[in-house]
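Down below is the structure, laid out as structure tokens.
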Amino acid sequence: LNVKNSERLVDGGESTVWKTLAQDKKGLDKMIALKQVRREAFANEEEMKKSQEFYKFLKNFPEFGKFVPDTLYFKARLTADSEPQAFCLQSFIKGERIDRLKDEEIYKDPAIIHQLLDLSDAAIKILQETRENKTHKPDFMRTPEAGKWRALLGAWLADPRYSSNIFIANEPNEKGQQVFFVDTGINASERTSRVNELHGRYVVSPLGESQFKRWKKKMRNILEERFQELPEEKESE
């Protein structure tokens, strides 16, 4: 990568995320989000494969994949004599996480509400399927910053309104997409602790599904009362 400058966004756990201005092969500047995974074990082929398979599962899941940014996985050395490390490369999303936005900012645009409703429907289906098939699920929460009691309570209750993994871009992309889901987990295997896996599948997953359904009703009411429209019900209800 021909990196021109970088700004550290997140530094915690086992990875660091950078907002990076890089130059492509044509000499054009591109803003990207670059995740550096520090855990050396992740550099081996087996761990990289698990992570890519989980990403492909999300990307190819019906109606859910459109919310997942295109991601490139690769291994590189920071210097010629350093150990290889894993990196994930995505186009940088200029926007904000919904847990940092006020209600009036989230619900001011009916197009955004419709995309959040579509995300909720797809999320409910993916939670149901991963619970039934006993596979790893996407993490709709992660840990919000300390001090915001509403976000902390929302995370504890698995309320997607306070997710740190759902983003609203400032502008839609070429496909009109403005709502995105970014699973900040490093790879699928970081959730394979037996206790965490069972808790996630039988406690967090059904609670999250219930909260998505509750959130859908709230957004449908907003559309009806504020914008005089009521979207068609989906099967996930």
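Label-point separation (nm) for F74 and H114, each offset 7 Å from Cα along Cα-to-Cβ?
Taking the two extended label points, one gets 3.7 nm.
Would you mind computing, in nm to one decimal, how far apart the modelled labels at E132 and Q228 are, each placed 7 Å from Cα along Cα→Cβ?
Result for the modelled spin labels: 4.1 nm.
Under the 0.36 nm per residue contour assumption, what length would be gained going from the current alpha-carbon distance of N60 and N196 to full extension?
Gain on extension, N60 to N196, equals 46.5 nm.
For Y107, Y55, give the ranking by accessible area with the largest first, probe 1.4 Å.
From most exposed to least exposed: Y55, Y107.
Could you calculate the contour length gain from V10 to F92, that is, 0.36 nm times the residue separation minus the distance between their Cα atoms, to one decimal place in nm?
28.2 nm
Just read off the accessible area of V195 with the full protein assembly in place, 1.4 Å probe, to the nearest 10 Å².
For V195, the solvent-accessible surface is approximately 110 Å².
Full extension from E171 to V203: what is 0.36 nm times the residue separation minus their Cα-Cα distance, to one decimal in nm?
The span from E171 to V203 would gain 8.0 nm if fully extended.
The values are calculated or read from the model by the stated rules, or taken from the named source; none is laboratory data. Bear in mind the structure is a predicted one, so any value in this text is a computation, not a measurement. FYI the Cβ positions are ideal-geometry reconstructions off the backbone, even for glycines, and counts take in every protein chain you see. Quick note on the areas: whole protein, heavy atoms, side chains included, nothing else; ligands and nucleic acids left out. Shrake-Rupley method; radii C 1.70, N 1.55, O 1.52, S 1.80 Å.
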